[in-house]
Amino acid sequence: MTSLTQTQTLFPKSLTLLASLVLVRGPYVKPRDVVRFFGIEDRGVITHVGTLINALRKAGLAKRFNNSRPRRYFIKPWVVNRITAYGFRCFRGLPCPHIMDCPIREALKGVVRHDYGL
């Protein structure tokens, strides 16, 4: 499997895992929670979940809760509510009422753009 093909399969999985992690864990998440809650040991998936969370942080939708490792992030409550209600429908081509003005989509667009053609 080439790295491009592998990356194309990791991002949809990472988006789904991040949405599930927010449902299970709440607003305080860290990428390594994927191993703890879902039993996924794939380093690539863990890295991509961390990349997505970091993109949310850079957009101001999450903030780093601690400076030590492993880093934990606090995702703002309204972002958590929107993720739990709608997931990441816009990246899968499903209808979402906030698609035109969604800051979550804008934050993750740069990370996911090359895989989904956005």
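Values quoted throughout were computed directly from the atomic coordinates according to the rules given, and no laboratory measurement underlies them. Just so it is clear, the structure is predicted and the values come from calculations on it, not from any experiment. Counting neighbours? That spans all protein chains shown, and the Cβs are built from the backbone with ideal geometry, glycine included.
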For a footprinting-style exposure proxy, rank Val111, Val22 by other Cβ within 10 Å, fewest first.
-> Val111, Val22
Which FRET efficiency, nearest 0.05, do Met100 and Arg43 yield, Cβ-Cβ r, R0 41 Å?
-> 0.70
Efficiency by 1/(1 + (r/R0)^6): what FRET value for Val24 and Arg71, r their Cβ-Cβ distance, R0 = 25 Å, to the nearest 0.05?
-> 0.85
Could you give the alpha-carbon Rg of segment 3-113 over 2.2 N^0.38 Å, rounded to two decimals?
-> 1.00
